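Everything on this sheet refers to the single structure shown next.
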Amino acid sequence: MVMLGADQSAISELAKMTAASQIERTVLEEEFNWLLKEEVHAVLKQLQDILKEAARRFSMPSPSLEGQLKPENFILGSSTMDQVKGVLTLQGEALTQADINIKVAKSSQVMHFAFRDDKQWKLQQIQDARNHVNQALQLLSSRDESYYFKTGAEVNKLMDAVMLQLTRARNRLTTPASMTLPELASSGLMKMFTPPMPGDVMVNFYINLSKLCLTVYQLHVLQPNTTKNFKAGGSSVLHNPGAMFEYNNTKFEVSHVHKVECVVPWLNDTLVFFTISLQLCQQLKDKISVFSSFWNYRPF
């Protein structure tokens, strides 16, 4: 009889635990449904607002658009380094004007170059980042407020896709493209200037984080009978003095390298927008995982 009473007591406790577990499960299901129906869309709306602001910063200059971004002038160079100075005009993803002074190392002569009036240079990094932001916005807008997410996995799939685009956008601004010196010599950028760049000077523009960078290479021709061992350099963001390359059957060596840069405030803002957006996506995924871990837990 004692054993029977103990068994009944254990069964009673088990029933209570099962009932409590069922109540807890019901409450969690209600919270999870609220998350899928309400909070997910609130986060999606927040993400859209942030990324629309980022996309606005990337807008291309167009005469047909009202309220377009105004051109911004950025001064390159400093009082302590006067070999290269310049003023760059940036409008969205386009460099619409560049005015550059280069002091030749040997003679101290100052050469002046500017973009031709009919030319502007698209910064591919900004263009690519803008495209990734627009793809992220398209993903978010494909699930409007009337859409009902049925599972946490569905939310995670969307967040992963958005995070992939945001990570690619950020990487384009933080990782400038590597180029070989022959690629730079044959770049359309060399044909942008008036007067034309001489054969012993090359320039390159790129974005590094929130900075707009200008690199100037001064070259000298290696004579065919030179005793110096010729070894062509590889691909790099920034080539060092002594780097060699061949272009149009002529061998060159880099004699001087000058790099100047300036901070573009809206690029810094954009990188902050990317960081905040990635954090929002991850926080939503973390909330989903909390519920998922409960569903996978079986106490009995």
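The values are calculated or read from the model by the stated rules, or taken from the named source; none is laboratory data. The structure presented is a predicted model; accordingly, all values stated were derived computationally and were not measured. Note that each Cβ is placed from the backbone with ideal geometry, even for glycine, and that neighbours are counted across all protein chains shown. Calculation scope for accessible area: heavy atoms of the full protein, side chains included, ligands and nucleic acids excluded. Shrake-Rupley method; radii C 1.70, N 1.55, O 1.52, S 1.80 Å.
Taken together, 116, 172 contain a single residue that is touching a His at 6+ places or on another chain (Cβ under 8 Å) and more than 30 Å from residue 32 (Cα to Cα), which is 172. Residues that are in contact with a Ser or Thr (Cβ under 7 Å, 6 or more places away or on another chain) and open to solvent by less than 40 Å² (accessible area, probe 1.4 Å) within segment 204-228 comprise 204, 218, 219, listed in sequence order.
Among the conditions (1) more than 20 Å from residue 209 (Cα to Cα); (2) at pLDDT 85 or above, residue 126 misses just one, which is (1). Considering 133, 110, 104, the condition of being without any contact (Cβ under 8 Å) to a residue 24 or more places away in the chain and out of contact with any His (no Cβ under 7 Å at 6 or more places or on another chain) is satisfied by 110 alone. When restricted to residues that are of a type in the set (Val, Ile, Thr) and either open to solvent by 30 Å² or more (accessible area, probe 1.4 Å) or out of contact with any helix residue (DSSP H, G or I) (no Cβ under 6 Å at 6 or more places or on another chain) (or both), segment 148-164 contains 1. Being within 11 Å of residue 222 (Cα to Cα) and among the β-branched types (Val, Ile, Thr) is the filter here, so list the residues in segment 232-252 that pass it. The answer is 250, and nothing else.
Can you find, within segment 170-191, the residue that is surrounded by the most Cβ atoms within 10 Å (Cβ to Cβ) among those that are outside any helix (DSSP H, G or I) and not aliphatic (A, V, I, L, M)?
We begin by selecting, within segment 170-191, every residue outside any helix (DSSP H, G or I); these are 175-180, 186-187.
Filter again for not aliphatic (A, V, I, L, M), leaving 175-176, 178, 180, 186-187.
Numbers: 175: 14, 176: 20, 178: 12, 180: 17, 186: 13, 187: 15.
Within segment 170-191, the match that is surrounded by the most Cβ atoms within 10 Å (Cβ to Cβ) is 176.
Step by step: first the residues of segment 39-60, then only those that are among the acidic types (Asp, Glu) and in contact (Cβ under 8 Å) with a residue 60 or more places away in the chain, then the one that is surrounded by the most Cβ atoms within 10 Å (Cβ to Cβ). Which residue is that? Ranking the candidates gives 39 first.
Does at least one position in segment 244-267 carry a residue that is surrounded by fewer than 13 Cβ atoms within 10 Å (Cβ to Cβ) and assigned to a helix (DSSP H, G or I)? Yes: one or more hits.
Kindly establish whether residue 255 is touching a strand residue (DSSP E or B) at 6+ places or on another chain (Cβ under 8 Å) and either more than 23 Å from residue 55 (Cα to Cα) or among the basic types (Lys, Arg) (or both). Before the answer, list the steps.
Working: touching a strand residue (DSSP E or B) at 6+ places or on another chain (Cβ under 8 Å): yes; either more than 23 Å from residue 55 (Cα to Cα) or among the basic types (Lys, Arg) (or both): yes.
It is true that residue 255 is touching a strand residue (DSSP E or B) at 6+ places or on another chain (Cβ under 8 Å) and either more than 23 Å from residue 55 (Cα to Cα) or among the basic types (Lys, Arg) (or both).
Modelled with pLDDT under 90, surrounded by 12 or more Cβ atoms within 10 Å (Cβ to Cβ) and out of contact with any Ser or Thr (no Cβ under 8 Å at 6 or more places or on another chain): is that true of residue 290 in this structure? Yes, satisfied. Within segment 62-112, being under 24 Å from residue 266 (Cβ atoms), part of a loop (DSSP other than H, G, I, E, B), out of contact with any Gly (no Cβ under 6 Å at 6 or more places or on another chain) and at pLDDT below 70 holds for 62, 63, 64, 65, 66, 67, 68. The listed residues are 194, 167, and the only one of them that is modelled with pLDDT of 95 or more and surrounded by fewer than 18 Cβ atoms within 10 Å (Cβ to Cβ) turns out to be 167. Out of all the residues in segment 131-147, is one or more of a type in the set (A, V, I, L, M, F, W, C), crowded, with 16+ Cβ neighbours inside 10 Å, modelled with pLDDT of 90 or more and not in a helix (DSSP H, G or I)? No, segment 131-147 has no match at all.
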